[in-house]
Amino acid sequence: MTFRFPYPSMRETFDISAYLVLGPDDTHGRPVQDVVRDALRGGVTFVQLRAKHSDSGEIIDMAGRIADVIAEEGKSDTVPLLIDDRLDAVLAARERGIKVDGVHVGQTDVPADVCRKLLGPDAIVGLSANTTELFDVIERMPAGIIDYIGAGAVHPTATKPEAQLIENAGDDASSIEAIARLCAISEYPVVAGGGVKLADVEPLARAGADGWFAVSAIAGADDPEAAAAAMTERWRTTMRSLPDGGHGTRHAKAEVGATNVGPEDERYVNTLAQLTIWPTGVGEELSEYVAEVVRVIRESGIRNETHAMSTELEGDYDDIIALVKRAAFVLRDHGYRTQVSLQMDMRPGYRDQMHRKVELVDEIIRENGRERSHNR
Ligand SMILES: Cc1ncc(COP(=O)(O)OP(=O)(O)O)c(N)n1
Ligand SMILES: Cc1ncsc1CCOP(=O)(O)O
Ligand SMILES: [Mg+2]
C-alpha cells in the first residue's frame with residue numbers, strides 16, 4: 001500500500017512574505033521549536049528547518065517538534081514547514097505523519113524534478129541559486145516542478161559565507177536592482193535573503209519581491225518575536241503604500257501555485273487574454289511585423305507568452321486593454337491596415353491562471369493514465 005500524506009496541500013495557498021529559515025546552529029542554544037513559536041507570534045508566514053550539522057534522525061525529531069508548535073499556535077493551515085536539502089528526512093518525516101510540507105533545494109542538492117517526483121504533486125518544492133543562475137533556471141524549468149525561488153545573497157552573511165552575492169559584492173543598490181530585474185521576469189514567486197535585516201524589508205518589497213527570508217535577524221535575535229513583528233509590520237506597511245497594494249509591482253509575475261486568492265481588490269481585475277495582431281495587404285510573410293508587436297508586449301511588464309498563433313497575457317484588465325491599443329498602434333501608426341483578435345476571461349477570485357489551467361489538465365491526464373494502468 002502506498003503511504004498517503006494526510007494533510008491538505010499548501011502549494012496553492014502558501015505565503016512567502018515573511019520566511020524564517022533556522023536550525024540548531026542559529027538559535028544561541030535555545031531549542032529551535034521555542035524560537036519558531038516566538039517567530040510565529042511575531043507573524044512569520046513560512047518556516048524552513050536548515051540543520052546543516054544534524055543527522056537525519058535529529059532532523060526528523062526537530063521537524064516533529066516544530067510541526068507541533070505550528071499546530072499549537074493554530075497555524076498548520078497557513079504556515080508551511082519545509083526542510084532544507086534533505087529529501088530523505090522530508091520523506092521519512094511525512095511517512096511518520098509529521099506535517100512537513102516540502103523541501104527546499106539549491107543547485108548542488110537533489111535535483112528539483114527528482115524531489116517533485118518522489119514527493120508527489122501536493123508538496124512544496126523551493127529552489128535557490130544566485131541571480132545569474134536563476135535567470136537561466138527560470139528559462140529552462142518545466143512547469144509544475146517548483147513553487148518558488150530563493151534568491152540571494154542580498155548581503156554577505158556569516159550564516160552562509162560561501163553564498164555568492166547578487167552581483168557587485170557589497171553594493172546594496174545593485175543587489176536590490178538585480179532582485180527587481182529577477183522579479184520582473186520570474187514566473188515564480190521570489191523570496192530574497194542573505195544578510196536581510198529590518199532595513200532591507202522595504203527595498204525588497206519595492207523591488208517586487210514576494211517576500212524576504214532571514215536566519216540571524218530572527219533566530220539570532222534576543223527577542224525573536226519582536227524581531228519578526230518589526231519585519232512583518234514593515235513588509236505590510238510598505239506593501240500597503242504601493243500602487244494596488246503591491247500588485248502593481250508584481251502584475252508581471254506568474255505565481256504558478258496560487259490560484260484562488262479570494263476576492264479581487266477594488267481596482268485590480270485579473271484578466272487572461274489571447275491576443276493576435278497582424279497587418280493585411282503586406283504579403284504572406286508577417287513575422288517581421290509580428291516581432292514589432294511582440295517587442296512592445298514584452299516591454300510592457302505584463303505577463304505574456306507568445307505561441308505560434310497568438311500571445312497570451314495575464315494581468316489587470318485596464319493594463320491589458322491599454323497594452324492592446326499600444327501594440328495594435330505599432331502597425332496602425334505605420335499606415336498598415338491592422339487586424340486585432342482579442343479574447344478575454346475575467347474570473348473573480350482567481351489569479352495566475354496562465355499556467356495553472358494547463359497544469360490542471362496535465363494532472364487530470366496523468367491521474368487518468370495511472371488509473372488505467374492500475375485497472376489493467
Ligand atoms: C528560502 C531559501 N532560499 C535560499 C536558500 C539557500 O539554499 P541552498 O542554495 O541550497 O543553500 P543551503 O541553504 O543549503 O546552504 C534557502 N535555504 N532557503
Ligand atoms: C541560506 C542562505 N542562502 C543564501 S544566504 C543564506 C543565509 C541567510 O542567513 P542570514 O539571514 O543569517 O544572513
Ligand atoms: Mg542546499
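Bear in mind that the values in this text are calculations on the coordinates, not laboratory data. Here the structure is a predicted model, which is why all the values come from computation and not from measurement. All Cβ positions, even for glycine, are placed from backbone atoms using ideal geometry, and neighbour counts span all protein chains on display.
Listed values, structure above:
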item: Amide H contacts of I83 (H built 1.01 Å from N, under 5 Å, at least 5 apart or other chain); result: L49, G102, V103, H104
item: When each of K75/K160; K75/K197; K99/K197; K117/K160; K52/K117 is checked by Cα-Cα distance, pairs over 26 Å; result: K75/K160; K99/K197; K117/K160
item: Percent of beta bridges antiparallel (DSSP, the chain, rounded to nearest 5); result: 45
item: Mean residue ellipticity (222 nm) of the chain, computed from DSSP H runs ≥ 4 via -39,500 (n - 2.57), nearest 500; result: -13000 deg cm²/dmol
item: Over the chain, volume per residue of the alpha carbon convex hull, in Å³; result: 159
item: Whole-Hz ³J(HN,Hα) from phi, Karplus 6.51 cos²θ - 1.76 cosθ + 1.60, for segment 355-369, glycine and proline x; result: 8, 4, 4, 5, 4, 4, 4, 4, 4, 5, 4, 4, 4, 4, x
item: Square roots of 5 times each gyration tensor eigenvalue, C-alpha, segment 268-354, largest first, Å; result: 24, 12, 11
item: Protection-proxy order for peptides 362-370, 32-40, each taking the mean of Cβ atoms within 10 Å per residue, highest first; result: 32-40, 362-370
item: Crossing angle, helix 172-185 versus the chain [Cα axis fit, 0-90 degrees, rounded to tens]; result: 60
item: Packing-based ranking, highest mean first, of 340-351, 103-114 given that Cβ atoms within 10 Å are counted; result: 103-114, 340-351
